[in-house]
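Enquirer: Before anything else, here's the structure in question.
Computed from the coordinates by the stated procedures, all read-outs in this text should not be read as laboratory data. It should be emphasised that the depicted structure is a prediction, and the values quoted were computed from it without experimental measurement. Methodologically, a virtual Cβ is constructed for each residue, glycine included, from the backbone with ideal geometry; neighbour enumeration extends over all protein chains shown.
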Amino acid sequence: MAANKLGTSRKILSLLLILAVAVACMAAAPQEDELAVARQRMVAEQIRVRGITDPAVLAAVEAVPRHLFVPESERRGAYEDRPLPIGAGQTISQPYIVALMTSLLGVRPGDRILEVGTGSGYQAAVLSRLAAEVYSIEILKPLGERARRTLAELGYRNVRIRIGDGYEGWPDAAPFDGIVVTAAPARIPDPLLRQLKTGGKLVIPVGETYQDLIVLTKRKDGGFDRENVLPVRFVPMTGEAERK
């Protein structure tokens, strides 16, 4: 009799555990759906309406889970139209700026892209969905290592991260089809210009307290065509850029 009761109790416990797992799964599914809807809304209301219409860029931004690239304490605002702190005095740029800089690069399949200023890894993740290879440099070791872990956990296999000063670029991987800089130097680093292919673009904020987002396109004669896009506010580039 005792054995029967024990067997019945175990069956009930097993059923309760199965039910608990099922409820948890049901609760998790709507959350993922809600996040997907939030990304769709972000693209529609913050990015597309401001003139960014490249389907590949929009699809990349919509696909990357921005909430996983910010601290848990900031995830509630991950899809809002604003930058967010990621630690060490750094920020993740607002979604529109990430999409804009990506669009300005004009990334094509097969391109090799250099990013200076990995930060959380979010911009690199967006670029990785468009380019063949992304090389990203982060001067702050804790941020670089955390970004490397996040990107690896999410399966972004075509992103390489180096901890170090991005002022000199990544000479042994150059030349690049495009370079994007996510921190502002007072003047454009010459090494980055040298590491661009002919026809390649450098997208970079330049200035001190206030900056201009500019695009430089390398001509066949080695010179550059310059386009001033809009005024922006980025954290300053540190390291060699400060000393220069």
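Enquirer: What nm value, rounded to one decimal, do you get for the distance between Tyr210 and Asp225 when each label is placed 7 Å out toward the C-beta?
Expert: 2.8
Enquirer: Report the antiparallel proportion of the DSSP beta bridges in the chain as a percent, rounded to a multiple of 5.
Expert: Just about 50 percent of them are antiparallel.
Enquirer: Grab the DSSP H runs of the chain that are 4 residues or longer, score each as -39,500 (n - 2.57), total them, divide by all residues and round the 222 nm result to the nearest 500 deg cm²/dmol.
Expert: Computed ellipticity for the chain at 222 nm equals -11500 deg cm²/dmol.
Enquirer: Looking at the chain as a GNM with Cα springs under 10 Å, which of Val61, Val107, Val49 has the largest mean-square fluctuation?
Expert: Of Val61, Val107, Val49, the most mobile in the Gaussian network model is Val49.
Enquirer: Let me ask you something else. Under a 5 Å amide H to amide H cut-off, with H placed in plane at 1.01 Å, what residues pair with Arg160 once short-range neighbours are removed?
Expert: Here the answer is Val134, Tyr135, Ser136, since their amide H atoms fall under 5 Å of that of Arg160.
Enquirer: Let me ask you something else. Test of the criteria: in segment 81-187, which trypsin sites (Lys or Arg not before Pro) are in a DSSP loop and have at most 15 other Cβ atoms within 10 angstrom of their Cβ?
Expert: When the trypsin sites (Lys or Arg not before Pro) of segment 81-187 are filtered for loop state and at most 15 Cβ neighbours within 10 Å, Arg157, Arg187 remain.
Enquirer: Could you rank the peptides 50-59, 210-219, 117-126 by their average count of other C-beta atoms within 10 Å per residue, with the highest value first?
Expert: Put in order of decreasing packing, that is 117-126, 210-219, 50-59.
Enquirer: Put a dot 7 Å past each Cα toward the Cβ at Glu32 and Asp81; how far apart are the dots in nm?
Expert: A separation of 3.0 nm, rounded to one decimal place.
Enquirer: Taking 25 Å as R0, compute the FRET efficiency from the Cβ-Cβ separation of Lys141 and Arg50 and round it to 0.05.
Expert: That pair, Lys141 with Arg50, gives E of 0.10.
Enquirer: Can you give the angle from 0 to 90° between the axis of helix 95-105 and the longest principal axis of the chain, with both taken from C-alpha atoms, to the nearest 10?
Expert: Orientation of helix 95-105: about 50 degrees from the principal axis.
Enquirer: Cross-chain or 8 or more residues apart, Cα under 18 Å: how many lysine pairs in segment 54-243 fit that? Count them up, please.
Expert: Numbers: Lys197/Lys218; Lys197/Lys220; Lys201/Lys218; Lys201/Lys220.
Close lysine pairs under the 18 Å cut-off: 4.
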